[in-house]
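Report on the following structure.
The values are calculated or read from the model by the stated rules, or taken from the named source; none is laboratory data. The structure displayed is predicted, hence computed values, not measured ones. All Cβ positions, even for glycine, are placed from backbone atoms using ideal geometry, and neighbour counts span all protein chains on display.
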Amino acid sequence: MKITVVGAGYVGLVAAACFAESGNDVIGVDVDDAKVEKLTKAESPIYEPGLTDLLKRNLKNARLRFTTSLKEGVELSDIIFIAVGTPQDEDGSADLTHVLEVAKGIGTYMNGFKTIVDKSTVPVGTARKVHETIAKLTKHQFEVVSNPEFLKEGAAIDDFMKPDRVVVGVPSERAAKLMRELYAPYVRTNKPILVMDVPSAELTKYASNSMLATRVSFMNEIANLCEKVGADIDSVRIGMGTDSRIGMAFLFPGIGYGGSCFPKDVQALIRTGKDYEVDLRIARSVEDVNADQKLVMVHKIVKHYGGASQIKGKTFAIWGLAFKPRTDDVREAPALKIIGELVRMGAKVVASDPEAVETFRQAFKEHSQVSYAFSNYDCLNQADGLVICTEWNEYRQPNFERMKQLMRAAVIFDGRNILDRNEVARHGYRYYSIGRPDVAAA
Ligand SMILES: NC(=O)c1ccc[n+]([C@@H]2O[C@H](COP(=O)([O-])OP(=O)(O)OC[C@H]3O[C@@H](n4cnc5c(N)ncnc54)[C@H](O)[C@@H]3O)[C@@H](O)[C@H]2O)c1
């Protein structure tokens with residue numbers, strides 16, 4: 001099939017590469033010249049495991065190419081995916097500026113029947129808006145399909161190639177047949193292609209992300225309660241998750257969810273509710289709990305040092321800047337909030353991350369109190385405390401003795417519960433985590 005994917009970000013780029021990998025002819029379109037130039041040389045502008053290999057292979061065999069020309073992308077393909085960003089607007093709603101700009105371009109350049117597919121996460125009613133926008137500009141026939149994406153950054157290729165399910169909202173049987181054909185290679189293990197009406201598909205994405213965010217916020221509240229009642233969230237989590245009605249996924253407590261999806265999608269769902277006069281109280285609480293949770297470790301830090309005034313002049317090492325491991329994405333990352341608070345109180349911060357230093361530097365802007373270290377050990381020099389913000393695997397079994405020699409004080413604030421409490425205790429650290437009893441220095 002001839003496919004164009006507009007938007008070469010975390011979703012569009014992965015989708016374009018994976019469609020090409022299954023034998024389709026794919027054009028990736030992006031407005032960002034620098035990005036397209038890099039992609040043309042098979043250099044990935046983002047860190048996503050496996051992506052560079054996929055790009056190299058499919059660029060080489062000419063099944064995939066990139067351009068800044070939407071005109072070319074529209075004229076040469078039959079199926080056009082819209083995979084541009086839908087950031088949060090001031091009132092919480094999804095900002096559809098980019099989506100509708102692309103729709104205008106499609107309407108302007110259409111030269112025959114096209115199937116337009118909304119892959120961006122967009123609120124109910126967007127397919128209709130995209131349809132109206134295009135219809136004003138062309139006499140050609142077309143259909144608009146909703147096909148929300150469920151991939152996870154860090155495992156995006158695998159998620160795209162082997163999804164749990166594919167959700168498509170279609171206006172006709174013709175569009176349903178086309179989507180079934182397109183996705184057939186990805187559901188060979190009998191995973192379903194769920195064909196439904198367009199509003200249901202649009203809502204499924206927001207409802208799914210909000211459900212996952214709800215589990216995270218719920219567990220964070222239970223973790224906070226554990227600390228007060230002397231329970232251990234690890235035991236409670238396993239006790240809960242082994243119930244087959246509950247399951248283990250998304251039960252890990254921490255310093256709050258971040259990323260480009262959960263925060264904005266929960267907000268956008270709340271906004272849709274408001275527009276239709278439905279007060280989504282659970283979603284509102286999920287957001288509130290998450291905002292507070294991003295500060296839980298800051299409160300522990302302040303308490304440990306004896307008050308906010310004592311933070312001034314202290315040096316903190318930070319392990320992990322990305323909102324989760326195996327990505328360089330720092331959008332809404334808890335590290336942004338935590339480092340912001342430490343700096344505000346007058347601390348110095350030396351941060352490290354295996355992939356996200358550059359993206360963090362851009363997001364946080366240059367700051368005289370924040371510097372970056374090449375490795376996680378380099379940032380420990382003369383640190384008064386270590387704060388772990390991302391659960392990268394390489395942080396799980398550190399050399400505690402080496403760390404102690406570097407640090408001014410043996411104190412660890414583990415926002416992701418990745419260290420073994422007994423092991424930390426054995427090495428004589430003061431250790432704080434989430435929902436588990438603190439460890440006193442030996
Ligand atoms: N990142 C994820 O994990 C994820 C997962 C599922 C769904 N989504 C959704 O997918 C959509 C895209 O997310 P993302 O993370 O890939 O965003 P992103 O910001 O990484 O990428 C968006 C890309 O679109 C390009 N773009 C913007 N306007 C354009 C235009 N007019 N023409 C061509 N290109 C344009 C930008 O230059 C950028 O490269 C969002 O709606 C998001 O909610 C994201």
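Scan segment 249-270 for residues that are away from the ligand (no atom under 11 Å from the Cβ) and part of a helix (DSSP H, G or I) and the total you get is 4.
Can you confirm whether segment 39-56 contains a residue that is aromatic (Phe, Trp, Tyr), in the same structural domain as residue 15 (by TED's automatic domain parsing), more than 20 Å from residue 260 (Cβ to Cβ) and within 14 Å of the ligand (Cβ to nearest atom)? Write out each step before concluding.
Going through segment 39-56, the residues aromatic (Phe, Trp, Tyr) turn out to be 47.
Restricting the remaining residues to those that are in the same structural domain as residue 15 (by TED's automatic domain parsing) gives 47.
Restricting the remaining residues to those that are more than 20 Å from residue 260 (Cβ to Cβ) gives none.
Within segment 39-56 (the criterion being aromatic (Phe, Trp, Tyr), in the same structural domain as residue 15 (by TED's automatic domain parsing), more than 20 Å from residue 260 (Cβ to Cβ) and within 14 Å of the ligand (Cβ to nearest atom)), the answer is no, since none of the residues qualifies.
Per the conditions (1) touching a residue at least 60 places away in the same chain (Cβ under 8 Å); (2) within 12 Å of the ligand (Cβ to nearest atom), the sole criterion not satisfied by residue 96 is (1).
Could you look through segment 60-93, keep only residues that are of a type in the set (Ser, Thr, Tyr) and either assigned by TED's automatic domain parsing to the domain that holds residue 274 or within 21 Å of residue 13 (Cα to Cα) (or both), and pick out the one that is farthest from the ligand (Cβ to nearest atom)?
Among residues in segment 60-93 that are of a type in the set (Ser, Thr, Tyr) and either assigned by TED's automatic domain parsing to the domain that holds residue 274 or within 21 Å of residue 13 (Cα to Cα) (or both), the one farthest from the ligand (Cβ to nearest atom) is 77.
Quick one: in segment 140-171, of everything that is farther than 18 Å from residue 184 by Cβ and more than 14 Å from the ligand (Cβ to nearest atom), which residue is nearest to the chain's Cα centre (by Cα)? Out of the qualifying residues, it is 169. Residue pairs whose Cβ atoms lie under 6 Å apart, separated by 6 or more positions or on different chains, with the first residue in segment 339-366 and closer than 24 Å to residue 46 by Cα and outside the structural domain of residue 260 (by TED's automatic domain parsing) and the second among the hydrophobic types (A, V, I, L, M, F, W, C) and surrounded by fewer than 22 Cβ atoms within 10 Å (Cβ to Cβ), are 350/373; 352/373.
Using the structure shown, decide if residue 101 is farther than 21 Å from residue 260 by Cα and among the charged types (D, E, K, R). Step through it out loud before you land on a result.
Values: farther than 21 Å from residue 260 by Cα: no; among the charged types (D, E, K, R): yes.
Against the criterion (farther than 21 Å from residue 260 by Cα and among the charged types (D, E, K, R)), residue 101 does not qualify.
Look through segment 4-18, keep the residues that are closer than 16 Å to residue 77 by Cβ and not in a helix (DSSP H, G or I), and return whichever of them is nearest to the ligand (Cβ to nearest atom). Only one residue tops the list, namely 7.
Taking segment 51-105, which residues are assigned to a strand (DSSP E or B) and modelled with pLDDT under 95?
If we filter segment 51-105 for residues that are assigned to a strand (DSSP E or B), which is where we start, we get 64-67, 79-82, 88, 94.
Correct list: 88, 94.
From the list 33, 25, the one residue that fits, being away from the ligand (no atom under 11 Å from the Cβ) and surrounded by fewer than 21 Cβ atoms within 10 Å (Cβ to Cβ), is 25. Taken as a whole, the condition of being touching a residue at least 60 places away in the same chain (Cβ under 8 Å), touching a Leu at 6+ places or on another chain (Cβ under 9 Å) and more than 16 Å from the ligand (Cβ to nearest atom) does not apply to residue 273.
I need a count of the residues in segment 176-211 that are touching a residue at least 24 places away in the same chain (Cβ under 8 Å) and crowded, with 17+ Cβ neighbours inside 10 Å.
Within segment 176-211, the subset touching a residue at least 24 places away in the same chain (Cβ under 8 Å) is 178-179, 181-182, 185-187, 189, 191-210.
Subset that is crowded, with 17+ Cβ neighbours inside 10 Å: 178-179, 182, 186, 193, 195, 198, 201-206, 209-210.
So the count comes out to 15.
Residues are listed down the side, and each one gets a yes or a no for (1) closer than 25 Å to residue 46 by Cβ; (2) touching a helix residue (DSSP H, G or I) at 6+ places or on another chain (Cβ under 6 Å):
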| residue | (1), (2) |
| --- | --- |
| 108 | no, no |
| 117 | yes, no |
| 135 | no, no |
| 149 | yes, yes |
| 178 | no, no |
| 184 | no, no |
